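> To start, I am sharing the structure in question, which I have written as structure tokens.
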Amino acid sequence: KTTLPLWLWGQGVGLDFSGKIVKTGDGVKDFKVGDRVYGVGSSGTLADYCVAEASKVAIKPSKTTHVEAASLPTVGITSLQAL
């Protein structure tokens with residue numbers, strides 16, 4: 001029996017992301033199309049587009065690159081828990 005990675009069964013690769021909002025869901029008031037944000041998705045954030053809960057998204061600091069911002073969420077939480 002072969003064990004295959006989870007992403008082969010419909011789960012995408014990636015958790016953290018950074019980018020520009022292209023669409024918001026109904027009831028989202030804190031963000032608008034065009035906002036540059038970063039945060040944590042459920043899976044598949046290494047794709048061109050991803051979906052995330054508004055509560056897990058924040059405005060990206062203007063002096064932070066998208067690469068820097070996308071590297072923060074999971075690593076930052078892990079670091080805080082280690083303290």
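> Tell me which of these residue 47 doesn't satisfy, since it passes every other one: (1) open to solvent by 30 Å² or more (accessible area, probe 1.4 Å); (2) of a type outside the set (Ser, Thr, Tyr); (3) over 11 Å from the mean Cα position of the chain (by Cα).
All conditions are met except number (3).
> Give the stretch 50-80 a look and list any residue that's among the aliphatic types (A, V, I, L, M), open to solvent by 50 Å² or more (accessible area, probe 1.4 Å) and within 20 Å of residue 24 (Cα to Cα), or say none.
Result: 51, 59.
> Which of (1) within 15 Å of the chain's Cα centre (by Cα); (2) in contact (Cβ under 8 Å) with a residue 24 or more places away in the chain does residue 28 not meet, given it meets every other one?
The single condition residue 28 does not satisfy is (1).
> Restricting to the stretch 42-78, name every residue that is under 24 Å from residue 12 (Cα atoms), in a loop (DSSP other than H, G, I, E, B) and modelled with pLDDT of 95 or more.
Residues satisfying the conditions are 60, 65.
> Additional query: Within the stretch 20-41, is even one residue at pLDDT below 90 and of a type outside the set (Gly, Ala, Ser)?
Within the stretch 20-41, not a single residue is at pLDDT below 90 and of a type outside the set (Gly, Ala, Ser).
The values are calculated or read from the model by the stated rules, or taken from the named source; none is laboratory data. Because the structure is a prediction, the values reported are computed rather than measured. Neighbour counts are summed over all protein chains in view; Cβ atoms, including those assigned to glycine, are modelled from backbone coordinates with ideal geometry. Just the protein is used for accessible areas: all its heavy atoms, side chains included, with ligands, DNA and RNA removed. Shrake-Rupley method; radii C 1.70, N 1.55, O 1.52, S 1.80 Å.
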